[in-house]
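Okay, so here's the structure we're looking at.
The values are calculated or read from the model by the stated rules, or taken from the named source; none is laboratory data. Keep in mind it's a predicted model, so treat the numbers as computed, not measured. Every residue, glycine among them, receives a Cβ derived from its backbone with ideal geometry; neighbour counts consider all protein chains shown. The protein model used for the area step is the full one, side chains on, heavy atoms only, and it has no ligands, DNA or RNA in it. Shrake-Rupley method; radii C 1.70, N 1.55, O 1.52, S 1.80 Å.
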Amino acid sequence: MRDLEQLLRDELTRLAGEARTAVPLAERVRAARRRRTRAWLGAAAAAVVLAVGGAGVALHRVGVEPVDSGATSSGAATDAGTGALLGFRLEVWHGIGVYVPATWGWGGAPGACGAMPTVGADGHRLSGDEVLAGYVGRPIAQTSHCRVTDPTEPLTPYVWLGADVPVGARRLGGGWVQETRRVGGTTVTVGTQDAGERRSLLASAHVVVGGPCAASLPDPPSVAAKPSGQGSGHFEPTSMTVCAYASSSSAGSSPESSAPYELLYEEQLAAGPAKQLVAAVAAAAPMGEHSCFGASGGEWALLHLEGSDGSRDYVVDLSCPSIADPSGLQHELTSADMLPWAVDGVNAVLHGSPLVDVPGHLIGG
Amino acid sequence: MDVRVSDRPPPVAALPFDDWVAARSVALLRFAYLLTGSQSEAEDAVQSALERALARWSVVSQAKDPETYVRRMIVNEHISLWRRWRRRVSPVAVVRETSGGAGDPAELVAGTDAVRRMCAQLPPAQRVAVVLRFYQDLDYREIAALLGCAEATARSHVHRALQALRRELEGNGDA
């Protein structure tokens, strides 16, 4: 045992010598403190504006605890001013989950056109000059026009899931550091000026198992052959999980993807949106079975509802467009039966259908 | 909670923050590097701890040993970060950074390799205990104080780490 202890002492000393020590720590610490002071002053000023203006902000958290996502936005100052509030939500990509602040919005990531924020924390499409507290990006095209951007001095902190960037850390200037790690079979990238925030976000990356959203599907999603539960005819939903899929050829497919349909986004919503969906689909005109016969490719959404009487599935085919109820009967896809589930980050990963007028929703809106 | 100072460098008289950092940054970075196993994480951990120290430098600089105070913050942040996510976290694959100055890996002795692998696989609390015991030469009471655990637990951490090292060496046929 004594030899082992001496071995440890000697080798730990040797390993410690591998550390790079020519690091301007004092300089970085003072720069970080100046940035933090400016941010606090900015947030305090925004809070005063909020208080005077009487604007209300509703935040939502998704993931572990489903809550109603009927949040409203009061604009750019709101996001920046409420960045200090607590709460995280789970973001999942290719079986890897990362916890991000609930005040962050969504957008794109390198690997597709538009590595930028496009959707606010409440799901609204950003206007030109809005600034977010942060955003989660996925390699899904946000715009049809790719711009070559110089990756220096970002405007807002970000987490990119599955981005096409090399592993490692790089300094972007102005105190911004972008660090990428490979977790599972995908990359997790964090860009921020706050070293502690960056460490925390990267440390939260983990493998996600289970849940109703399969990471990939060989065929388009379909309703369950037989809904679970007693089948009493009256179904009272208590939650709804949204699983957004796209064919690999249209999505930011990863090299590891071999199935035609990739899961782009998942989110659990509360009873309210689930009940709205059930009512809206029941009111939508039926299109008859097999109206979109042989549908393949395109964008799909599996809406998995849990209730006291088991579970029910609805399937949206955005290419048709149509929505199938739990019996498989296809109904007309209207704005009424899209609004309950086309919320939050869904608006940053699906382009939607030009045949369905849902202003401000989905990338093509 | 005071931590007894053993055979560490005598406390430097209250220096201005920048001067103190210049004097101790090498030691802090090497310490953090052993805890985290990553250059970037080590820099982040030390920077975070120094940011908090700067905010209270008028008090910290007057302590008997400011470096112990900063090291404790580095340890606490490393442990709390792991505790915060551990219920939802499967082991995350951390990119192991290679140092350009380490030389040809083929020339590393089996002992170094075994220690490196062992450290990479240890849970954070055990890793911290090993570094504090065999790199910082703290006694078990001091280790327990830093980890916020019982002294017996600190001993157990070190004992298990030594067992892990023995297994690594036996696996290389170097027992």
Practice prompt. Please determine, by comparing only the residues of segment A:296-334 that are assigned to a strand (DSSP E or B) and of a type in the set (Ser, Thr, Tyr), which one is modelled with the highest pLDDT.
Written response: A:314
Fill in: Long-range neighbours under 7 Å by Cβ, at least six apart or interchain, first residue under 14 Å from residue A:264 (Cα atoms) and open to solvent by 20 Å² or more (accessible area, probe 1.4 Å) within segment A:299-313, second among the small types (Gly, Ala, Ser) and in a strand (DSSP E or B)
A:299/A:246
Fill in: Pick from segment A:314-360, criterion farther than 20 Å from residue A:282 by Cβ and among the acidic types (Asp, Glu), ranking: most open to solvent (accessible area, probe 1.4 Å)
A:357
Response to the item:
Reported set for segment B:30-43 where residues are closer than 14 Å to residue B:78 by Cβ and either within 7 Å of chain A (Cβ to nearest Cβ) or outside any helix (DSSP H, G or I) (or both) is B:33, B:34, B:37, B:38, B:40, B:41, B:42, B:43
Discussion item. Can you tell me which of (1) over 18 Å from residue A:35 (Cβ atoms); (2) more than 7 Å from chain B (Cβ to nearest Cβ) is the one residue A:181 doesn't meet?
Written reply: (2)
Fill in: Among (1) more than 17 Å from the chain's Cα centre (by Cα); (2) at pLDDT 85 or above; (3) outside any helix (DSSP H, G or I), the one test that residue A:280 misses
(3)
Fill in: Residue check, residue B:152 assigned to a helix (DSSP H, G or I), within 9 Å of chain A (Cβ to nearest Cβ) and more than 14 Å from the chain's Cα centre (by Cα)
no
Worksheet item: Does residue A:266 count as open to solvent by 30 Å² or more (accessible area, probe 1.4 Å), within 29 Å of residue A:114 (Cβ to Cβ) and either among the acidic types (Asp, Glu) or modelled with pLDDT of 90 or more (or both)?
Response: yes
Worksheet entry | Answer residue from segment A:1-19, given it is more than 19 Å from residue B:30 (Cβ to Cβ), at the interface with chain B (Cβ under 7 Å from one of its Cβ atoms) and part of a helix (DSSP H, G or I) and is modelled with the lowest pLDDT among those | A:4
Worksheet entry | Answer residue from segment B:120-138, given it is open to solvent by less than 10 Å² (accessible area, probe 1.4 Å) and either free of Cβ contacts under 8 Å to residues at least 24 places away in the same chain or within 11 Å of another protein chain (Cβ to nearest Cβ) (or both) and is farthest from residue B:171 (Cα to Cα) among those | B:132
